[in-house]
Ligand code: ARG
């Protein structure tokens with residue numbers, strides 16, 4: 001491609017470090033689409049002839065078929081997808097192929113291809129997250145009334161419903177979708193026509209190519225156009241946060257499925273056995289999801305380090321962007337898909353969850369609140385009295401609601417039998433009616449509202 005001033009070919013080791021074709025061939029469809037839009041624009045601007053543009057587009061279409069049929073011979077010597085495609089075009093159509101690269105550089109070409117690829121990827125990931133949200137909503141719906149211990153510090157805190165707990169993850173994933181949608185807006189500008197970095201002297205129409213490629217418009221500065229990779233960093237950041245969320249759910253599934261807790265059973269499809277211990281069911285998929293965030297976080301950090309301190313404009317360092325982003329995207333997709341399958345196939349055990357509510361005096365806060373409401377006690381004093389009730393219950397080996405009225409009155413004489421109305425697990429859950437609270441009707445409202453939001457955005 002640059003034979004004009006080069007007399008020796010590259011060293012083998014140079015080819016090994018320089019070639020990116022094994023990675024960037026994944027963008028072949030975007031590369032071809034971008035080239036077709038560019039060729040058509042060049043023709044309508046009178047920069048190349050309509051016949052040449054037609055020959056170019058036909059040749060490119062054939063190349064696409066060859067690649068998809070597995071008949072394309074990718075060459076390391078031709079370095080990357082852009083030059084592989086162009087060389088094949090030359091072989092297929094001859095002279096007009098040489099006109100395609102008018103008013104263009106690989107710098108704006110690769111930036112365009114990568115944005116197009118990542119835009120498809122973001123759309124796919126958003127769709128995947130939306131499926132996971134639906135799976136969680138369906139489970140939350142089934143278990144909107146089923147009580148379980150809610151924890152802080154992994155110590156029993158207050159009763160909640162399993163549905164409410166699952167809906168917490170729906171909120172996280174909802175934000176993940178929003179973050180990706182937001183990143184997509186900034187990504188969706190076309191660098192094509194920035195050329196090498198300064199723009200071009202040819203009378204091109206950047207609006208036309210942007211529109212043909214589904215971008216909202218052209219990037220505004222040619223130097224930024226070829227050197228910006230924020231869109232990839234934003235995707236990796238949003239993907240990292242999403243996987244952090246999935247790893248938390250994965251960890252809970254691991255905890256919930258251990259037999260001494262037994263809140264859920266993972267289906268056979270998402271469990272493995274042990275080669276030595278016949279009784280084992282291991283939550284391998286959940287564990288692997290728990291392990292994946294490092295890949296995304298690592299990818300973000302790797303690309304951030306590639307980009308930091310780079311002078312304007314394009315530098316070959318940036319070629320690393322694709323391998324980093326592609327493999328991170330694969331890890332993200334696989335994790336979301338596996339989590340969706342696990343959640344869909346999960347069996348919850350409401351009896352075990354309810355039984356677990358017997359431990360940990362989960363309604364102690366309700367007792368303290370009652371003292372405040374009915375006896376006018378300052379909350380700090382009520383907290384203290386309740387602490388003493390808990391000590392008595394622990395001494396007797398029962399939950400606070402199984403103490404007799406006499407036991408309670410020995411601690412605080414003002415307590416009446418009405419207290420038992422607020423001490424049960426179900427009463428506690430039903431009383432948490434504040435917006436965003438765990439009362440079953442609130443959980444169902446949250447489910448309905450999320451279903452509506454999803455229907456609007458998809
Ligand atoms: N393969 C290169 C990349 O991915 C394409 C751009 C190369 N441009 C250049 N001037 N060497 O970054």
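The values are calculated or read from the model by the stated rules, or taken from the named source; none is laboratory data. What you are looking at is a predicted structure, and each value in this text was computed from that prediction instead of being measured. Cβ placement follows ideal geometry from the backbone for every residue including glycine, while neighbour counts extend to all protein chains displayed.
Things worth noting here:
- Evaluating residue 421 against the criteria (1) surrounded by fewer than 21 Cβ atoms within 10 Å (Cβ to Cβ); (2) in contact with a helix residue (DSSP H, G or I) (Cβ under 7 Å, 6 or more places away or on another chain); (3) touching a residue at least 60 places away in the same chain (Cβ under 8 Å); (4) more than 24 Å from residue 155 (Cα to Cα) leaves one unmet condition, (3).
- Enumeration of residues in region 400-411 that are over 12 Å from residue 367 (Cα atoms) and in contact with a helix residue (DSSP H, G or I) (Cβ under 7 Å, 6 or more places away or on another chain): 403, 405, 407, 411
- Residue, nearest to the ligand (Cβ to nearest atom), within region 296-320, restricted to residues that are surrounded by 21 or more Cβ atoms within 10 Å (Cβ to Cβ) and under 24 Å from residue 246 (Cβ atoms): 303
- Entry remark, region 161-201: residues being farther than 22 Å from residue 454 by Cα and out of contact with any helix residue (DSSP H, G or I) (no Cβ under 8 Å at 6 or more places or on another chain) number 2 in total.
- Subset tally (residues that are assigned to a loop (DSSP other than H, G, I, E, B) and modelled with pLDDT of 95 or more) for region 1-33: 2
- Matching entry among 286, 238 (being touching a helix residue (DSSP H, G or I) at 6+ places or on another chain (Cβ under 8 Å) and farther than 30 Å from residue 321 by Cβ): 286
For (1) over 21 Å from the mean Cα position of the chain (by Cα); (2) within 21 Å of residue 136 (Cβ to Cβ), each residue gets a yes or a no:
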residue: 264; (1), (2): yes, yes
residue: 281; (1), (2): yes, no
residue: 300; (1), (2): no, no
residue: 308; (1), (2): yes, no
residue: 364; (1), (2): yes, no
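- Looking only at residues of region 151-164 that are part of a strand (DSSP E or B) and in contact (Cβ under 8 Å) with a residue 40 or more places away in the chain, we find that the one that is surrounded by the most Cβ atoms within 10 Å (Cβ to Cβ) is 159.
- Residues in region 84-108 that are assigned to a helix (DSSP H, G or I) and within 16 Å of the ligand (Cβ to nearest atom) were compared, and the one that is surrounded by the most Cβ atoms within 10 Å (Cβ to Cβ) is 108.
- Residue in region 34-46 that is within 16 Å of the ligand (Cβ to nearest atom), surrounded by fewer than 16 Cβ atoms within 10 Å (Cβ to Cβ) and not in a helix (DSSP H, G or I) present: no
- Residue count for region 282-295, restricted to those that are surrounded by fewer than 17 Cβ atoms within 10 Å (Cβ to Cβ) and over 30 Å from residue 227 (Cα atoms): 5
- Residue identified as under 33 Å from the mean Cα position of the chain (by Cα) and free of Cβ contacts under 8 Å to residues at least 40 places away in the same chain among 106, 88, 115: 106
- Among the residues of region 63-83, those that are away from the ligand (no atom under 16 Å from the Cβ) and not in a helix (DSSP H, G or I) comprise 69, 70, 71, 72, 73.
- Residue match in region 328-343 (condition: surrounded by fewer than 19 Cβ atoms within 10 Å (Cβ to Cβ) and within 16 Å of the ligand (Cβ to nearest atom)): no
- In region 183-219, residue farthest from residue 247 (Cα to Cα) [restricted to those that are in a helix (DSSP H, G or I) and in contact (Cβ under 8 Å) with a residue 40 or more places away in the chain]: 208
- Looking across 167, 177, 172, 148, one residue alone is assigned to a strand (DSSP E or B) and either within 26 Å of the chain's Cα centre (by Cα) or at pLDDT 95 or above (or both). It is 148.
- Residue in region 119-131 that is surrounded by fewer than 22 Cβ atoms within 10 Å (Cβ to Cβ) and either within 16 Å of the ligand (Cβ to nearest atom) or in a loop (DSSP other than H, G, I, E, B) (or both) present: no
- Any chance residue 323 is within 16 Å of the ligand (Cβ to nearest atom) and surrounded by fewer than 19 Cβ atoms within 10 Å (Cβ to Cβ): yes
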